[in-house]
Ligand SMILES: Nc1ncnc2c1ncn2[C@@H]1O[C@H](COP(=O)(O)OP(=O)(O)O)[C@@H](O)[C@H]1O
Ligand SMILES: [Mg+2]
């Protein structure tokens, strides 16, 4: 009975925002490590997205917070308290899984009330809180339906209402939009953003393999690959200065150009780099100023340049041959062959776009050409 | 239509009749006819009568029917409880214990029921476990025989049940007991009622183990039918057999209604 009282107390104490801390959390199945030493701080009230391809361990990370998988190593803290050993029903965390897992034998309102009954919320308060939770997701009119009588999008709203009804401090969302069609997904994305504006103290850990979802919702993004967290930062940080090739490619089509460091750059924190062609020789005589450090002269590295940060310059910069020109409304997308590399350039709509075969020169500011893995702290 | 040509369809229907009627339907029909017969010396029965039913619903025969019903209900309920409990335990257990349980609950099916009867007779005929000569030993034998079916039915359903439901419930703060009572058992209800029906039907028809164990005060219906026909009272036996079928069918139908209601929710 004390356990029940405890969990009610924990839920009632939901006013204080709570962060999640992963400390070296490692999970294995049958000897295969599927989550490898995850260390991550999700700040109170923050929306953190875990982004990565399927099978990278995102769901496992989420389930370890909910208490459905037991880490073989490492600790998990919620609001500064070690919850690694706490059984799931005493964690007071809201979770929405990919399949929604709405109880098929209960009506919508009964589904939402279930958590309140389990938390021993006084019986008289339950109807109002159910109505409140369903109202938040716009499902008040469907209270007496059964889950099977709802569309995928409606089921998803109910699942969110059910998770929010217990007023958790932390909400875990596992690919909540993956079962919806593209149009619904966009609408739901906006609603999730609105929900978080209404509940600013709610900490959200959001798992997805879709970078648009992550970029739209998240304050910070953790990128997962092969059971490891490979990068973490704000969308802008990751986009501008990804830690490695995988992150750069995963987050929307960066140009990655192999270079050889030839010396120090014009300013502190910059280096001079020469482009390396596919056949390995330094292809451009004119070195490029890039941001980064820790790479010795003579060593090779990859430099990351986002398509919209490249400019068509008059007579300075990297020479290249235009291969293709696409008009995309607000921008012209050019594919330019630079020393054998196909480089994508998004230029604001050009009055007189170059024709394929023409020679152009591309320039980029030193702070927008970032050596992979060296652009940021640690 | 799987079979396109009309002639081919007719041939298949005919084949079905030829195979089905003699093997499955005819014995039942004969029993029903015999139960209304006063005599059957020629090709067809004669002297139609309701006397067999009058006898079947009075005295020792009525007592046998009640005995069977009580035994079957008791054995089914115990078997369902024990079988469900064990099946859920196996579902949650590690691979080792799961194998042991799966094996243990196959035994009563694999071992001939005569052997089960003999085993109980030997085990329970000495103090302190002196059940021999009491109704309890008959109920115990039936329970042992049908629990395996309850176990297997619930076990299969529990394996198919998506663990996400129980996890979602736990995540919402439900204790394991609440998860069991409000989520898992309701979701397993269709297979629970199916198992209950199966156990009941098996118990109602059980003869071989019962034969070795029953005390004179606790004579289930199959024993009574056997005794009557053994004595040559074929028509009374037939009336009792019809009652046995009817009672079993009635209970199965009632239990089936619970199942459909659970499915429709
Ligand atoms: N219960 C389990 N048993 C065995 N392997 C599992 C289990 N759950 C997940 N895995 C494996 O762990 C890896 C990571 O899974 P998951 O965390 O679901 O990845 P993601 O959510 O990023 O797609 C996958 O290779 C998956 O096959
Ligand atoms: Mg997943």
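No value in this document is a laboratory result; all are computed from the given coordinates. In this text the structure is predicted, and so the values were computed from the model without any measurement. A quick note on method: Cβ atoms are made from the backbone with ideal geometry, for glycine too, and the neighbour counts reach across all protein chains shown.
Let me know the mean shielding of A:87-95 by other chains, meaning the per-residue number of their Cβ atoms within 10 Å of its Cβ.
Values: counts 3, 11, 10, 3, 3, 3, 3, 2, 5.
Taking all residues of A:87-95 together, the mean is 5.
How many percent of all Cα-Cα pairs in segment B:59-264 sit more than 27 Å apart? Provide the component values of the computation, followed by the final result.
Numbers: 8186 of 21115 pairs.
When all Cα pairs of segment B:59-264 are counted, 39 percent exceed 27 Å.
Each label point was placed 7 Å from the Cα along the Cα-to-Cβ direction; for residue B:70 and residue A:149 their separation is 4.6 nm. Can you pull the Kirkwood radius for the protein assembly as shown, inverse mean 1/r over Cα pairs, to one decimal in Å? After inverting the mean inverse Cα-Cα distance, the result is 31.1 Å.
Centre-to-centre, using Cα atoms only, segment A:47-77 and segment A:279-356 are separated by 39 Å.
Picking from B:58, B:41, B:217, which is most flexible by a Gaussian network model of chain B using Cα springs under 10 Å? In this elastic network of chain B, the residue with the biggest mean-square fluctuation among B:58, B:41, B:217 is B:41.
The mean number of partner chain beta-carbon atoms within 10 angstrom of a residue's beta-carbon across peptide A:99-109 is 4. Could you let me know the centre-to-centre spacing of segment B:185-204 and segment A:106-157, using Cα atoms, in angstrom? Cα centres, segment B:185-204 to segment A:106-157: 31 Å. Pick out which of A:167, A:197, A:157 has the largest mean-square fluctuation in a Gaussian network model of chain A, springs linking Cα atoms closer than 10 Å. Looking only at A:167, A:197, A:157, the biggest GNM fluctuation is shown by A:197. Given their separation in residues at 0.36 nm each and the Cα-Cα distance between them, residue B:82 and residue B:258 gain 61.3 nm when the chain is fully extended. If R0 is taken as 25 Å, the Cβ-Cβ distance between residue A:82 and residue A:33 corresponds to a FRET efficiency of 0.65.
Pull out the extension gain between residue A:350 and residue A:26, defined as 0.36 nm times the separation in residues minus the alpha carbon to alpha carbon distance; nm, one decimal. Provide the component values of the computation, followed by the final result.
Working: separation 324, 0.36 × 324 = 116.64 nm, distance 5.13 nm.
Result for the pair: 111.5 nm of gain on full extension.
Modelled spin-label separation between residue A:337 and residue A:267, with each label point placed 7 Å from Cα along the Cα-to-Cβ direction: 3.5 nm. To the nearest 10 degrees, how steeply does helix A:2-12 sit against the main Cα axis of chain A, on a 0 to 90 scale? On a 0 to 90 degree scale, this one is about 50. DSSP beta bridges fully contained in the protein assembly as shown are about 80 percent antiparallel. Largest GNM mean-square fluctuation among A:79, A:272, A:330, using chain A with Cα springs under 10 Å: A:330.
Rounded to the nearest 10 degrees, the inclination of helix A:126-136 to the longest alpha-carbon principal axis of chain A is 20 degrees.
Using only Cα atoms and rounding to the nearest 10 degrees, what angle (0 to 90) does helix B:221-230 make with the longest principal axis of chain B? Result, in degrees: 30. For the peptide B:161-169, the mean number of other protein chain Cβ atoms found within 10 angstrom of a residue's Cβ is 6. Counting only DSSP beta bridges with both residues in chain A, the antiparallel share comes to about 75 percent.
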